[in-house]
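Okay, structure first, notes after.
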Amino acid sequence: MTAAGNPALNTAARPTRGGRRLSLSWLGVMPFFVYVGLFLLLPTAIVVIGSLTAPTGGVSLTNFVGIDKPYMVKAFTLSLSVSAVSAVAGAFFGAVLAYAVVTGNPRGLLRRSIMSASGVLAQFGGVALAFAFIATFSTVGFVTVFLKDHGIDIYANGVWLYDPPGITLIYVYFQIPLMVLVFLPALDGIRPQWREATESLGGSTWHYWRYVAGPLLAPAFLGCTLLLFANAFSAYATIAALLTNGGVYVPLQIQALLTSETEQSQPGLAQALAVAMILIVVIVMTLYTLLQRRTTRWLR
Amino acid sequence: MKWSSPVRQLGLAVMALVLVAACGGSSSGGSASCSESTAKTADSASACGGMDALVAAAKAEGALNVIALPPDWANYGAVISGFTAKYGIAPNSINPNGSSQDEVNAFDGTSNAPDVVDVGQAVALANTAKFTPYKVATWNDIPAGAKEPTGLWFNDYGGYMGIGYDSTKVPGGVITSVSDLLGSGFKSKVALAGDPTKSNQGLNGVIMAGVANGGTLDDVSTGVGFFKKLKQAGNYVPVVGTAATVKLGQTPVLFEWDYLSTSHGKDVSSWKIFVPSNAIIGGYYSQAINKAAPHPAAARLWEEYLYSDAGQNLWLKGGARPVRMAAMTTAGTIDTAAAAALPAVNGTPQVPSGDQTSKASAYVVANWSAAVS
């Protein structure tokens, strides 16, 4: 469709050129919309429709009935708690690291190397990360074996790597660099003049953090924490590669429900779980957007 | 070829006549042939005009889609190459590490859909509507309880649930009872070869642990309780044991079908298999043909090959017990050297029924996560 027939647009520019320009710009964003449509909207629609379709056909909420079973509740509890703890830990350490970077030389080696390392490590999730930990910290990993040879048995009371503390540790590995990347712009927005102004008015460091930097950074910090939470909550490949057996996390429950060969295959319930996950992420991301809006009011 | 009843023979003759009439000019001279429409519904080789016609039709199709057949699973690598060598049709193997459910999920009506499947009992029973009946030439050698009477599915090979272990990594170098595994020498060593909440093999591992500890086939709670104790002792590893994890040493003690466990001997020379005499749990896998198989004649020829003496002896070479083993032993066609190499088993095997498996599965799904996390 072109704007040739639209008189309002035609008056603004010469008729032929105006029409062509609009059609070209429309084409330019097409790949993006097709991509989003095919890989985000369409799958979401399929999952939502599937979750609302009863096994016998027709619209119903039957599929959601299974969600309150104790082992499903446990899956959600574990997924949420691992995501929350790894997000808070990642946010704290990431923010401290980002602050260290900001106080340094803006063109210095430290900043450049930490930024590039974060860029790489924030994406170092999934199967590669799981295998990195298997190679180093599993029962036969070289770090484990090395420590054992030197009298330290990190698994004296059983392997905790596959338990929630271990999973949290692994998640923190990609959460910290992500925090550095997303929180750094907010820290950069804090101007040195504000600190000088605080000091010239007789304020202490405590006053500066309590009344100036703290309130300014809080929305950004909370927003980034939420982003980290969503990042961990939706992670699948890492735990799938690590916990090949009996992983009690929502994405793994969905996988089990789809591929069970012992009569427990329930695609409808799997889709209901997926919808529940989507809802949680939507809530978190909405809060994130609201906090981002607040952040950008002061920090640009 | 033996006929089960004269009525059946008559029925087949009528059917063959109708089909020949329907095919009309396509069958020239005296030699029988098997058109695509005939092959689609043929429930035996003779309904397709005999073995020669079936072979010709399969060669004309020129392809066969198989799914979820790992080459190191029960000697499937050799079976596939044996079939190719004999008939010149190279099976197109899709998703070799898929589950039984993945196999049936792949029935999408396209030319890429699997022609034949090799599935666990539960999946076979749940999906009979998607299969077409077929009886291989050696049908009567398959024990009555090991096949669906019309030929919708039929057991092929199986074995017993065992505990494979690296004898250099366990205390004393030998396992003599399942409760040994709770000892402190097994810290972070014991694994299952499948997730019991979704894998047939994993589920049978839990059933076996249950029976060995005083449970029954009807009550799997003892098995789940055993794994809970394993987990509390820090002995359970939540990793599905595979050839890779065994080679790596991540899963030095592994609940697995004995015929699959045997194959780890080539990676770990000290690998041994223990089948507890008070809990010999048998399990068979079944073959079935996709009702909408894109290569109907090749699908049927594949089954004929699997149930031929050659095919059955290949399972045996892979350490699995072929379903025609008893009949072949009587007939003297069994590979005696391979039969002698099977793990020694003393006691009476028990095979969970479909109902028992369903009940166990439902219990495990509801209670597994509480036990091991």
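The values are calculated or read from the model by the stated rules, or taken from the named source; none is laboratory data. The structure displayed is predicted, hence computed values, not measured ones. Here the Cβ is made from the backbone with ideal geometry for all residues, glycine too, and neighbour counts use every protein chain on show.
Computed quantities for the displayed model
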| quantity | calculated |
| --- | --- |
| Selection count where residues are of a type in the set (S, T, N, Q), within 14 Å of chain A (Cβ to nearest Cβ) and within 13 Å of the chain's Cα centre (by Cα), scope region B:65-119 | 2 |
| Residues being hydroxyl-bearing (Ser, Thr, Tyr) and either assigned to a loop (DSSP other than H, G, I, E, B) or crowded, with 18+ Cβ neighbours inside 10 Å (or both) - total across region A:267-300 | 2 |
| Matching residues, region A:158-185, being buried (at least 24 other Cβ atoms within 10 Å of the Cβ) and within 16 Å of residue B:231 (Cα to Cα) | A:161, A:162 |
| Where a residue in region B:245-257 is closer than 18 Å to residue B:274 by Cβ and its partner, wherever it lies, is in a strand (DSSP E or B) and of a type in the set (Ser, Thr, Tyr), with Cβ under 6 Å and at least six apart | B:253/B:165 |
| Residue that is within 9 Å of chain B (Cβ to nearest Cβ), surrounded by fewer than 23 Cβ atoms within 10 Å (Cβ to Cβ) and assigned to a loop (DSSP other than H, G, I, E, B), where the choices are A:255, A:264 | A:264 |
| Residue B:122 assigned to a helix (DSSP H, G or I) and within 14 Å of the chain's Cα centre (by Cα) | yes |
| Which numbered condition residue A:241 fails, given (1) within 11 Å of chain B (Cβ to nearest Cβ); (2) without any contact (Cβ under 8 Å) to a residue 12 or more places away in the chain; (3) aliphatic (A, V, I, L, M) | (2) |
| Search result, residues across region B:142-181 that are buried (at least 16 other Cβ atoms within 10 Å of the Cβ) and of a type in the set (Val, Ile, Thr) | B:142, B:163, B:170, B:175, B:178 |
| Some residue of region B:168-185 being touching a strand residue (DSSP E or B) at 6+ places or on another chain (Cβ under 6 Å), touching a residue at least 60 places away in the same chain (Cβ under 8 Å) and more than 14 Å from residue B:279 (Cα to Cα) | yes |
| Single residue of B:323, B:253, B:268, B:246 found to be β-branched (Val, Ile, Thr), closer than 26 Å to residue B:369 by Cα and out of contact with any Phe, Trp or Tyr (no Cβ under 6 Å at 6 or more places or on another chain) | B:246 |
| Residue A:221 vs. criteria within 12 Å of the chain's Cα centre (by Cα), assigned to a helix (DSSP H, G or I) and surrounded by 19 or more Cβ atoms within 10 Å (Cβ to Cβ) | no |
| Answer residue from region B:33-54, given it is in contact with a Lys or Arg (Cβ under 8 Å, 6 or more places away or on another chain) and of a type in the set (A, V, I, L, M, F, W, C) and is modelled with the highest pLDDT among those | B:54 |
| Complete set of residues in region B:171-190 that are away from chain A (no Cβ under 14 Å) and not polar (S, T, N, Q) | B:171, B:172, B:173, B:174, B:175, B:178, B:180 |
| Filtered residue count, region B:323-369, keeping only those that are within 14 Å of chain A (Cβ to nearest Cβ), under 30 Å from residue B:176 (Cβ atoms) and surrounded by fewer than 16 Cβ atoms within 10 Å (Cβ to Cβ) | 1 |
| Residue that is modelled with the lowest pLDDT [pool: residues in region B:249-259 that are surrounded by 18 or more Cβ atoms within 10 Å (Cβ to Cβ) and out of contact with any Pro (no Cβ under 9 Å at 6 or more places or on another chain)] | B:250 |
| Helices (runs of 4 or more DSSP H) wholly inside region B:202-309 that include at least 2 residues being within 11 Å of another protein chain (Cβ to nearest Cβ) | B:221-232, B:243-248 |
| Qualifying residue in region A:139-146 (condition: surrounded by fewer than 15 Cβ atoms within 10 Å (Cβ to Cβ), over 25 Å from the mean Cα position of the chain (by Cα) and more than 12 Å from every other protein chain (Cβ to nearest Cβ)) | yes |
| Candidate set: region A:45-75, residues that are among the aliphatic types (A, V, I, L, M), touching a helix residue (DSSP H, G or I) at 6+ places or on another chain (Cβ under 8 Å) and not in a helix (DSSP H, G or I); chosen: the one farthest from residue A:249 (Cα to Cα) | A:54 |
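Conditions (1) surrounded by 15 or more Cβ atoms within 10 Å (Cβ to Cβ); (2) of a type in the set (A, V, I, L, M, F, W, C); (3) not assigned by TED's automatic domain parsing to the domain that holds residue A:143, marked per residue:
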{"position": "A:56", "(1), (2), (3)": "no, no, yes"}
{"position": "A:69", "(1), (2), (3)": "no, no, no"}
{"position": "A:83", "(1), (2), (3)": "yes, no, no"}
{"position": "A:97", "(1), (2), (3)": "yes, yes, no"}
{"position": "A:104", "(1), (2), (3)": "no, no, no"}
{"position": "A:114", "(1), (2), (3)": "yes, yes, no"}
{"position": "A:125", "(1), (2), (3)": "yes, no, no"}
{"position": "A:131", "(1), (2), (3)": "no, yes, no"}
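One line per residue, one yes/no per condition, for (1) touching an Asp or Glu at 6+ places or on another chain (Cβ under 6 Å); (2) farther than 23 Å from residue A:177 by Cα; (3) among the polar types (S, T, N, Q); (4) at pLDDT 90 or above:
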{"site": "A:81", "(1), (2), (3), (4)": "no, no, yes, yes"}
{"site": "A:93", "(1), (2), (3), (4)": "no, no, no, yes"}
{"site": "A:104", "(1), (2), (3), (4)": "no, no, no, no"}
{"site": "A:107", "(1), (2), (3), (4)": "no, no, no, no"}
{"site": "A:120", "(1), (2), (3), (4)": "no, no, no, yes"}
{"site": "A:123", "(1), (2), (3), (4)": "no, no, yes, no"}
{"site": "A:126", "(1), (2), (3), (4)": "no, no, no, no"}
